[in-house]
Amino acid sequence: MAGPNVPDSVKIRKLMDMLKDKVVLVTGAARRVGAEIARVLHAEGASLALHYRSSAEAAKALVAELNAARAGSALAFQADLLDIGHLPRLVEEVVKHYGRLDALVNNASSFHATLIGNIVERDWDDLIGTNLKAPLFLSQAAAPHLAAARGAIVNITDIHDERPLKNFPLYCAAKAGLSGLTRALALELGPHVRVNAIAPGPILWPEDGSFDAAAQANVVSRTLLKRCGDPADIARTVLFLIADAPFVTGQVLAVDGGRSVVL
Ligand SMILES: NC(=O)c1ccc[n+]([C@@H]2O[C@H](COP(=O)([O-])OP(=O)(O)OC[C@H]3O[C@@H](n4cnc5c(N)ncnc54)[C@H](OP(=O)(O)O)[C@@H]3O)[C@@H](O)[C@H]2O)c1
């Protein structure tokens, strides 16, 4: 416990307002993991640019929730991330509104099975487009603003980046690319911008029923902690990487209940 004889370095720090006056763009922020990332960063004082594609109602509700807690601290921005030409405009709209950009969280993703023999170019465009291409072009557009702010990028990848998930070869390749891109961008954008990634294990099941009860139980049984994670587990790690990890860059951190240890 912190006390009079405890050195400053080991005192438990109060986390309040770690992101005061900072502006963060989170993609796919209307629902699920992205919405929790937005809430946790907002609770630490950040102003939020909430990107969404089709979840307009959820985005609107989250903006209202965050602005009720702190007026003028959240705004939603609509974009299909497959429209690469629009991405520089998205970044400029955020900077025009808030006057700065301190962090980019590339969270948005498409996720579906692609069976060898049936893969078509549309699958490639969608899975590579959302999970790899958009993060690259968004990072490129954001880089000058992030450098000016001595900011950070956090990419949300997957523990299946290195160890593939059966029937999901394209998704796994896209996330492998994103993890590689994380290291490459850390090299390109240092020393002024840190770039890291989080590789979640099982957090929230897909809503399309692609993981039935037996498949879910099988995955959970092969985590070391014998349970799913919570979106807050990802969100607080995003907070750590943005606000409390000044000497960490080029890393991919698994937040997976130990699942990757035995994959
Ligand atoms: N959930 C897990 O257990 C888990 C496990 C491993 C890794 N991850 C990773 O963690 C992140 C969050 O997971 P999640 O399950 O919360 O994600 P998700 O619900 O599958 O997707 C997040 C958002 O991505 C957006 N999106 C999809 N295609 C888009 C496009 N073309 N343009 C713009 N936005 C698009 C959607 O926004 P709209 O709804 O507005 O259309 C969606 O709400 C993802 O990167 C995922 O790969 C999650």
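The values are calculated or read from the model by the stated rules, or taken from the named source; none is laboratory data. Not measured: the values here are computed from a predicted model. FYI the Cβ positions are ideal-geometry reconstructions off the backbone, even for glycines, and counts take in every protein chain you see.
For residue 145, are the conditions met, namely being at pLDDT 95 or above and more than 9 Å from the ligand (Cβ to nearest atom)?
Values: at pLDDT 95 or above: yes; more than 9 Å from the ligand (Cβ to nearest atom): yes.
Criteria met by residue 145.
I need the full set of residues from the stretch 239-263 which are part of a helix (DSSP H, G or I), touching a helix residue (DSSP H, G or I) at 6+ places or on another chain (Cβ under 8 Å) and buried (at least 20 other Cβ atoms within 10 Å of the Cβ), in order please. Reasoning before the result, please.
Within the stretch 239-263, the first condition is being part of a helix (DSSP H, G or I), and the residues that meet it are 239-243, 259-262.
Applying the additional criterion that residues be touching a helix residue (DSSP H, G or I) at 6+ places or on another chain (Cβ under 8 Å) yields 239, 242, 259-260.
239, 242, 259, listed by residue number.
Tell me, please, whether a residue that is within 16 Å of the ligand (Cβ to nearest atom), within 25 Å of residue 249 (Cβ to Cβ) and touching a helix residue (DSSP H, G or I) at 6+ places or on another chain (Cβ under 9 Å) can be found in the stretch 49-69.
Yes, the stretch 49-69 contains a residue that is within 16 Å of the ligand (Cβ to nearest atom), within 25 Å of residue 249 (Cβ to Cβ) and touching a helix residue (DSSP H, G or I) at 6+ places or on another chain (Cβ under 9 Å).
Report, by residue number, each residue of the stretch 190-239 that is of a type in the set (D, E, K, R) and in contact with a Cys (Cβ under 7 Å, 6 or more places away or on another chain). I'd like the intermediate steps shown before the answer.
Initially, the stretch 190-239 is screened for residues of a type in the set (D, E, K, R), giving 194, 207-208, 212, 222, 226-227, 230, 233, 236.
Answer for the stretch 190-239, where residues must be of a type in the set (D, E, K, R) and in contact with a Cys (Cβ under 7 Å, 6 or more places away or on another chain): there is none.
For residue 195, state whether it is among the β-branched types (Val, Ile, Thr) and outside any strand (DSSP E or B).
Values: among the β-branched types (Val, Ile, Thr): yes; outside any strand (DSSP E or B): no.
Against the criterion (among the β-branched types (Val, Ile, Thr) and outside any strand (DSSP E or B)), residue 195 does not qualify.
Of the residues in the stretch 202-238, how many are loosely packed, with under 11 Cβ neighbours inside 10 Å, over 19 Å from residue 260 (Cα atoms) and more than 10 Å from the ligand (Cβ to nearest atom)?
4
Among all residue pairs at least 6 apart or on different chains, which show Cβ distances below 6 Å where the first residue, located in the stretch 35-53, is more than 18 Å from residue 98 (Cα to Cα) and the second is at pLDDT 95 or above and of a type in the set (Asp, Glu)?
53/80
Give the stretch 16-34 a look and list any residue that's in contact (Cβ under 8 Å) with a residue 40 or more places away in the chain and at negative phi, or say none. Lay out the reasoning, then the answer.
Keep residues of the stretch 16-34 that are in contact (Cβ under 8 Å) with a residue 40 or more places away in the chain, which gives 18-19, 22-30, 32-34.
If the condition is that a residue be in contact (Cβ under 8 Å) with a residue 40 or more places away in the chain and at negative phi, then 18, 19, 22, 23, 24, 25, 26, 27, 29, 30, 33, 34 are the ones that fit.
Can you run down the residue pairs with Cβ atoms below 9 Å, 6 or more apart or on separate chains, where the first is in the stretch 165-177 and on the phi > 0 side of the Ramachandran plot and the partner is at pLDDT 95 or above?
Correct list of pairs: 167/113; 167/114; 167/115; 167/116.
Among what's in the stretch 70-114 and is charged (D, E, K, R) and under 30 Å from residue 171 (Cα atoms), pick the residue that is farthest from the ligand (Cβ to nearest atom).
Among them, the one singled out is 102.
Each row is one residue, and each column tells you yes or no for (1) closer than 18 Å to residue 35 by Cβ; (2) in contact with a strand residue (DSSP E or B) (Cβ under 7 Å, 6 or more places away or on another chain); (3) surrounded by 14 or more Cβ atoms within 10 Å (Cβ to Cβ).
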position	(1), (2), (3)
74	yes, yes, yes
77	yes, yes, yes
81	yes, no, yes
96	no, no, no
103	yes, yes, yes
114	no, no, yes
118	no, no, no
122	no, no, no
133	no, no, yes
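State all residues of the stretch 61-72 that are surrounded by 15 or more Cβ atoms within 10 Å (Cβ to Cβ) and either in contact (Cβ under 8 Å) with a residue 24 or more places away in the chain or among the acidic types (Asp, Glu) (or both); if no residue qualifies, say none.
62, 66, listed by residue number.
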